[in-house]
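The values are calculated or read from the model by the stated rules, or taken from the named source; none is laboratory data. Source: prediction; values computed, not measured. For neighbour counting, all protein chains shown are included, and Cβ atoms are generated from backbone atoms with ideal geometry for every residue, glycine included.
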Amino acid sequence: MERKFHHLMKLLVLVILLGIILSPAAHGQQSFEDEVRKRAVVYEENGKLKASDQTLYGAGLTLRMLELNGFNPLWNEKNTRALFAAIDDLDKDGLNPKEYRFSEIDDLLKAKTAGGLSTSAQVDLDFLLSEAYLRAVYNLAFGKVDAVSLDADINFTRPISEEDPARELLKYVKKGEITEAFELSRPQNPRYGEMKKALAQYREIQAAGGWQPIEKGPTMKPGYTDARVVMLRERLHATGDGPAAASTKGDPQVFDEALAEAVRRFQARYGLEADGKVGSGTLAALNVPVEERIDQIRVNLERQRWLLHEVYDEFLAADIAGFRLYWVNDNKTIWEEKIQVGKFYAKTPLFKSKIQQIVFNPDWTIPPGIMRRSIIPNIKKDPGYLDQKGYILLTQDGRRVDPKTVDWGSLKGFPYIVRQPPGPDNALGQVKFMFPNPHHVFLHDTNHRELFDRTARTFSSGCIRLHNPLDLAERLLDGQDGWDRERIDRTLASGKTTTVKLKNPMRIVIAYGTATIRDDRVNFRPDIYKRDSALLKALDGAFKVRKQDL
């Protein structure tokens, strides 16, 4: 039922539509049906339909529901009230109810109360109520924003099935169970409900007045005494990170160790270095207005609508903004690890795939992006660059070439491959994890392990570096052909490149979350790739059908 319910907004198959518009009207039928049939002809001819001033993106599906309902109006007083109540609740999903409660609907309802509606106006009203219903279901089931319109690399979007969902949709309309219809359209994953609770919490904080910004000044740390410390206490209290100044033992203007611990909790929750001191970075995070945090939660609810409808028993999730890799089984995190991700100019792409191979003692074929940005310019400056770096130059068919024999000045294009052989200096370390994707991105070890001590870890050229990759390899190979940690260690010691195919490929989702739930609390992360603003603008923009559904 739920799967069928999500197959929304697909235009009617032409033969079905022609069956509606060409079948003769039965003797004595009401003019409501005649008006619907007339508009169906317009829709069949133009592929478009309007009611009042609203474009009906769900016109085909509305016509199909009307056919199933015997061409009688779909909406009465009872189910219209239920629709309005369910639309008002969309605010809890971070959506704007006004986008679905068209002003034209209220105008038509007022006119109906005042003196009745013409047949054309009655059809307009029925169409508009259906459009509001279908748009809400579509946005809950697939997201308000087309992810691909923001980033062509994203492959999260689910297709709409060819199956006709009209019967299921109509069932909820006729029963007046619009709230139930909307609930089935939402992600059923508990993480979505947890994020909705966070949105409600921060709206309560907003309604209570939010928090006042803390004045700039010297770094606050244990022993610091100033009126700004009182402001800090009140700010932390507003989000439940510390007690109010009035309940503080001792002088509330003194920065004591208890306050330092509260600051550390705040810093950990906001992806900052948890040193217990309030310097410029922590002060900036404290002073972000509650309205911006609300929008941050809304943006991440939308990201969840892209992802959380698909149910996987077991998968890996790489959270790029949070610098963590999670192993999730039965909706519980059973293992997690630090990761390093791409620099801002070499952003790690967002997509889903399956890990199919593990390569021990890997060599590294330099990907095209790094070749253009770094390798080729350095070779042209100094033909000895490759030897200095320990790289080898190969033809496209794998034959080795001496860089000193190439006339780099007159070379057009780059008909070669540059490869780094296995070894202690290899950029991929001891192991890499391969999964199909067009971005030349994978998980791998690194010889820059010192960087895992940093809080923000944007250091790679796009791939994902793992803190303990051999731990992941052991887990993925558990129970496969005698692979255990001892065999892994022997393979590494051999120095030989060894590829192991996984009998059970592991799903991996590379995602981006600037607000997540951890230990029943919302955690915020810096927007390292500046993705939130574009998504927020689209989320608050006009309704659009995803490109793939046009």
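Before we move on, is residue 213 farther than 30 Å from residue 436 by Cα and surrounded by fewer than 21 Cβ atoms within 10 Å (Cβ to Cβ)? Answer is yes for this residue.
Results for (1) at pLDDT below 90; (2) within 29 Å of residue 181 (Cα to Cα); (3) assigned to a loop (DSSP other than H, G, I, E, B), shown as yes or no for each residue.
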site: 3; (1), (2), (3): yes, yes, no
site: 10; (1), (2), (3): yes, yes, yes
site: 17; (1), (2), (3): yes, yes, no
site: 20; (1), (2), (3): yes, yes, no
site: 35; (1), (2), (3): no, yes, no
site: 41; (1), (2), (3): no, no, no
site: 48; (1), (2), (3): no, yes, yes
site: 62; (1), (2), (3): no, yes, no
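Going by what's in this entry, would residue 387 be described as in a helix (DSSP H, G or I), in the same structural domain as residue 469 (by TED's automatic domain parsing), surrounded by fewer than 20 Cβ atoms within 10 Å (Cβ to Cβ) and modelled with pLDDT under 90? Here the answer is yes, as residue 387 does meet what is asked.
Here the condition is being of a type in the set (Gly, Ala, Ser) and either buried (at least 19 other Cβ atoms within 10 Å of the Cβ) or more than 26 Å from residue 294 (Cα to Cα) (or both); of 244, 258, 208, it holds for 258 alone.
At pLDDT 95 or above and in a strand (DSSP E or B): does that describe residue 232? Criteria not met by residue 232. Every test in (1) assigned to a strand (DSSP E or B); (2) crowded, with 17+ Cβ neighbours inside 10 Å is passed by residue 295 save one, and that test is (1).
Looking across 418, 441, one residue alone is within 26 Å of residue 349 (Cα to Cα), β-branched (Val, Ile, Thr), in a loop (DSSP other than H, G, I, E, B) and assigned by TED's automatic domain parsing to the domain that holds residue 485. It is 441. Number of residues in region 41-55 that are touching a helix residue (DSSP H, G or I) at 6+ places or on another chain (Cβ under 8 Å) and surrounded by fewer than 23 Cβ atoms within 10 Å (Cβ to Cβ): the value is 8. Of the strands (runs of 3 or more DSSP E) lying entirely inside region 445-550, none contains at least 3 residues that are more than 19 Å from residue 333 (Cα to Cα) and of a type in the set (A, V, I, L, M).
For residue 276, the conditions (1) at pLDDT 95 or above; (2) closer than 23 Å to residue 296 by Cα; (3) not charged (D, E, K, R) all hold with the exception of (2).
Entry remark, region 158-208: residues being among the hydroxyl-bearing types (Ser, Thr, Tyr) and touching a strand residue (DSSP E or B) at 6+ places or on another chain (Cβ under 9 Å) number 1 in total.
Residues in region 64-123 that are polar (S, T, N, Q) and outside any helix (DSSP H, G or I): 69, 72, 76, 96, 118. Being over 29 Å from residue 522 (Cα atoms) and in a helix (DSSP H, G or I) is a description that applies to residue 133. Do we have residue 429 as at positive phi and exposed (fewer than 13 other Cβ atoms within 10 Å of the Cβ) here? For residue 429, the condition - at positive phi and exposed (fewer than 13 other Cβ atoms within 10 Å of the Cβ) - is not met.
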